[in-house]
4 protein chains.
Amino acid sequence: MLSLPQRIVVEITQMPILKNPSLICGFPGSGFVGKLAIDHMIEQLKAVSFANMFSSSFPPQVLIQPNGTTDLMKNTFYYYKGETSDLVLLGGDAQPVTPESEYEMAEEITKICDKLGIKTIYTLAAYITGTFTKLPKVYGTSTLEQIVKEFHNYGVSVMNSGSITGMNGLIIGVGKRKGITGICLLGETSGYVVDAKASKIVLEALVKMLGLQLDLTEISKKAQDTENLVKTIEEQMGHRTTGESLHMPQHDKKLGYIS
Amino acid sequence: MLSLPQRIVVEITQMPILKNPSLICGFPGSGFVGKLAIDHMIEQLKAVSFANMFSSSFPPQVLIQPNGTTDLMKNTFYYYKGETSDLVLLGGDAQPVTPESEYEMAEEITKICDKLGIKTIYTLAAYITGTFTKLPKVYGTSTLEQIVKEFHNYGVSVMNSGSITGMNGLIIGVGKRKGITGICLLGETSGYVVDAKASKIVLEALVKMLGLQLDLTEISKKAQDTENLVKTIEEQMGHRTTGESLHMPQHDKKLGYIS
Amino acid sequence: MLSLPQRIVVEITQMPILKNPSLICGFPGSGFVGKLAIDHMIEQLKAVSFANMFSSSFPPQVLIQPNGTTDLMKNTFYYYKGETSDLVLLGGDAQPVTPESEYEMAEEITKICDKLGIKTIYTLAAYITGTFTKLPKVYGTSTLEQIVKEFHNYGVSVMNSGSITGMNGLIIGVGKRKGITGICLLGETSGYVVDAKASKIVLEALVKMLGLQLDLTEISKKAQDTENLVKTIEEQMGHRTTGESLHMPQHDKKLGYIS
Amino acid sequence: MLSLPQRIVVEITQMPILKNPSLICGFPGSGFVGKLAIDHMIEQLKAVSFANMFSSSFPPQVLIQPNGTTDLMKNTFYYYKGETSDLVLLGGDAQPVTPESEYEMAEEITKICDKLGIKTIYTLAAYITGTFTKLPKVYGTSTLEQIVKEFHNYGVSVMNSGSITGMNGLIIGVGKRKGITGICLLGETSGYVVDAKASKIVLEALVKMLGLQLDLTEISKKAQDTENLVKTIEEQMGHRTTGESLHMPQHDKKLGYIS
């Protein structure tokens, strides 16, 4: 039972006791890069849900489930108990619809980090280029310069300009103000398709950084589907790419934009 | 006399004492499917108004009545005393204009449900397809899986994906969080015309579910008007449909969208 | 000295003592019909300003005066002492930019009405038709049916459908909820030009209803300017109208819309 | 450590003690005229930062620094100790995204002015014309008529109509209501390019008004870059201007608009 007129409501089933936990976030956004990645982790790690977050600044709609039932949009917290350290995973249906409620939700999430003893937040996002590319890269930024310097050890390219919009960016900015280290990993993607290939390479970099065992079979299959879809699109456009990028016609306003 | 800077104001004339009441909502939306249906019920059941709901998040305008007078936009609650159980009917002029105020109004309505002892909410909405069809269906979703399983008994098709935007969706999602059972019935409609035919089939399913006696003569006449209008449009477009659907040209962005 | 984070701030120089006062409002809107009318009244009646109203929901800008100085956008209250009854005139620079702040300002204005003993509010607005017409009409609506019935005595046509958007509509709707009688007079206008002719005919109806002496020479001159401008437009479009209306090409979405 | 759900948070390192200080603001806006100017001042005067201002109404994103690290968007206050009087300089990443939060931030800034004993605010802005011109002018407006009359002594042209939108306008309007003198200097610019030339001429007028020593070498180099860029654009458009203005094709809606 909850009362909703407050902008954000967190329903906690039971607060877990965790050892040295990090938070991994994958909010739905461009190409669903972060969302596919976090959903894969939740499933493969059999992570346990312990809290739902509702907000009156989510899109005003209900989502219909495969069994025909319906519920408000929500984000859900899961935990995973690892050998030496634990993880909190945050996935969900939506991002808030106004700038102010995005800041507010980022703040709310850092409060939960405080309660759980979380010292590091990873967000998984998309680096949109407006072009299809054979060998997409993973880009990274962090609130700590030391971490930026170590990115090359994990095959992560350093970003040195631009911005990250939405929750995947805000939460590490707000976390920084509260003494939490933030890291954002962004998978290169055209921005034109749901891109499991970008999700896969982000996960590959993440597991290296975390020293985590994670079966990537399922996301690799979906990545292959993405690759096939892109190939079909390219063929229909009459361009058999031979390694170089293919530029889509319009839409390139967003080129180089990150979200 | 009321003071309006609060976002929502409910003016109650006299709170009725009701036996086992359900709430039926028909907010104005696509095709006016829900609004036509609820207005028909209010009229046929000679339901009695007992509360008005004003909100500073309604569109900032006044509506002019047929007699030349004017009033703020409002939603109105009515009650109907049945043989074994009673009904509360909620109809009105508008939905709130921002996401947050939609959540807030849904919350406010569930508070009134609490006071009246309402355990089940039905919302009447539109299922937009972007095409004209001879035999539109009624779709349904519910917060309870048991109810979803019984939909076929009432000729209601189960939805198993998508979303329901606006008050007709939100109120059953918010109600669910407060322990109220929610059911949304959606009449298939093109989305291009005010569609009394969709309203009529939704009402037919509703009265079966409620075991309610309701004279459908008036709404059937209006449904015939809708059918004639659609036939005229189809003829003007040079397509005499012979059973199959007719796709309208543009606008099909909204195809499959529900509101 | 005032502090602004509240949404609305009213700076009162000195609250006048008035006998049987009515409020006349002319907010800037389509065709500047209401604004031109109220500015004419303020000037001709040598009305005395006694309060400024600022709002953080006005457009975020400053206006530059003819002498090169600048100030926040504001609305200003004036009073005029008549023989048998007094007037309060409300004119200004802007309407609030969000629906909620429009409701809030309407509420704030009715509070000032309470303090001044105002029992009737007149708002002066535009009735947009999308066409140029030789003999524009004045339309009216009221919160009291009795007043609607008397409109014909003043050459005012009764509206019996549609809506009035913005402050000129809201304030009579909000006032009604507080027991204040509201009357809106709307001058027919194309919506394409600043229309002093519409302002003039609205003023002519208003002075009849109020039994007020008001020199209309200045507004009549401006009305002649409007007429000349329209004639030039019509000639450029190659249509010498001979009494009937001239429809402008596009834009007629707004036809019949009132604001 | 700060908590962000409040709309504006000011983190003060150490409040300086200043003699007779004025505030100079250059918010990012059209042509980055104000921002380039204030950044030049901060650098040349080796001004010392003493406070950061964060807001949940800034665009919801983080900015990536050249070293690969990231932070929330923020505005920063600096001070400079002059010989006879001191300066406070306010520069930053963004303006708030809603009208109400712009008013709120203007109010917050005037509170800081109060604490520092600031009696005069200068804002540096752009006067957009939609055309390229060889000899752009500096325009000015003030809350005090006396200052307007003295503008010609500094080569500043007087504005006598129009409006100034955004923080560069609002802050002098809100400051006026609190007894602070406001001056806005606007550099003429096409609005099509980042215009260091406009920044330079605004700075030239400002230093005259302040009696300030400021090395303009760097901004003059950037102004030359702007000039070269504009020349290239003009040549590509096939118009070698010979002194008179060049009108860009579309976009001229904004002509004469100031922001």
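The values are calculated or read from the model by the stated rules, or taken from the named source; none is laboratory data. A quick note: this is a predicted structure, and the numbers were derived from the prediction, not measured. Cβ atoms come from the backbone with ideal geometry, glycine included; neighbour counts cover every protein chain shown.
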Inset, instruction - Taking A:PHE50 as meeting all but one of (1) in contact with a Gly (Cβ under 9 Å, 6 or more places away or on another chain); (2) surrounded by fewer than 21 Cβ atoms within 10 Å (Cβ to Cβ); (3) part of a strand (DSSP E or B), write down the number of the exception. - result: (1)
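Let's see how each residue does on (1) over 29 Å from D:ILE183 (Cβ atoms); (2) within 14 Å of another protein chain (Cβ to nearest Cβ); (3) not in a helix (DSSP H, G or I):
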site: C:PRO16; (1), (2), (3): yes, no, yes
site: C:VAL33; (1), (2), (3): yes, no, no
site: C:ALA37; (1), (2), (3): yes, no, no
site: C:MET41; (1), (2), (3): yes, no, no
site: C:LYS46; (1), (2), (3): yes, no, yes
site: C:PRO59; (1), (2), (3): no, yes, yes
site: C:PRO66; (1), (2), (3): no, yes, yes
Inset, instruction - Go through segment B:83-160 and tell me which strands (runs of 3 or more DSSP E), entirely inside it, have 1 or more residues that are within 16 Å of B:GLU204 (Cβ to Cβ) and touching a residue at least 12 places away in the same chain (Cβ under 8 Å). - result: B:120-128, B:138-142, B:156-158
Legend entry - Sole residue being at pLDDT below 55 and closer than 30 Å to D:ASN153 by Cβ, chosen from D:GLU218, D:GLU244, D:GLU227: D:GLU244
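If only one of C:GLU188, C:GLU227 is away from every other protein chain (no Cβ under 11 Å), out of contact with any strand residue (DSSP E or B) (no Cβ under 8 Å at 6 or more places or on another chain) and over 27 Å from C:ASN20 (Cβ atoms), which one is it? Explain how you work it out, then say what you get.
Numbers: C:GLU188 fails: out of contact with any strand residue (DSSP E or B) (no Cβ under 8 Å at 6 or more places or on another chain).
Answer to the selection: C:GLU227.
Looking only at residues in segment A:68-102 that are at the interface with chain B (Cβ under 7 Å from one of its Cβ atoms) and crowded, with 24+ Cβ neighbours inside 10 Å, which one is farthest from the chain's Cα centre (by Cα)?
The residue in question is A:THR70.
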Inset, instruction - Just need a number here: residues in segment B:159-183 that are facing another protein chain (nearest Cβ under 7 Å) and within 30 Å of B:ILE233 (Cα to Cα). - result: 6
Legend entry - Qualifying positions in segment B:104-150 - closer than 20 Å to B:SER30 by Cβ and at the interface with chain A (Cβ under 9 Å from one of its Cβ atoms): B:ALA106, B:GLY140, B:THR141
Inset, instruction - Report, by residue number, each residue of segment B:102-152 that is over 16 Å from B:THR181 (Cβ atoms) and charged (D, E, K, R). - result: B:GLU102, B:GLU104, B:GLU107, B:GLU108, B:LYS111, B:LYS115, B:LYS134, B:LYS137
Legend entry - Positions within segment C:144-186 being in contact with a Lys or Arg (Cβ under 8 Å, 6 or more places away or on another chain) and surrounded by 24 or more Cβ atoms within 10 Å (Cβ to Cβ), in sequence order: C:GLY182
Legend entry - Residues located in segment A:5-30, provided they are within 24 Å of A:LEU214 (Cα to Cα), over 9 Å from the mean Cα position of the chain (by Cα) and of a type in the set (Val, Ile, Thr): A:ILE17
Inset, instruction - Go through the residues of segment A:31-44 one by one and say whether even a single one is modelled with pLDDT of 95 or more and either over 18 Å from the mean Cα position of the chain (by Cα) or surrounded by fewer than 18 Cβ atoms within 10 Å (Cβ to Cβ) (or both). - result: yes
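Among the residues of segment A:168-202, which ones are part of a helix (DSSP H, G or I) and either of a type in the set (D, E, K, R) or over 29 Å from A:GLU104 (Cβ atoms) (or both)?
Restricting attention to segment A:168-202, the residues satisfying the condition of being part of a helix (DSSP H, G or I) are A:168-177, A:196-202.
If the condition is that a residue be part of a helix (DSSP H, G or I) and either of a type in the set (D, E, K, R) or over 29 Å from A:GLU104 (Cβ atoms) (or both), then A:LYS176, A:ARG177, A:ALA196, A:LYS197, A:LYS200, A:ILE201 are the ones that fit.
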Inset, instruction - Sort out which residues of segment B:192-212 are closer than 14 Å to B:VAL230 by Cβ and surrounded by fewer than 24 Cβ atoms within 10 Å (Cβ to Cβ), and write them in order of number. - result: B:TYR192, B:VAL193, B:VAL194
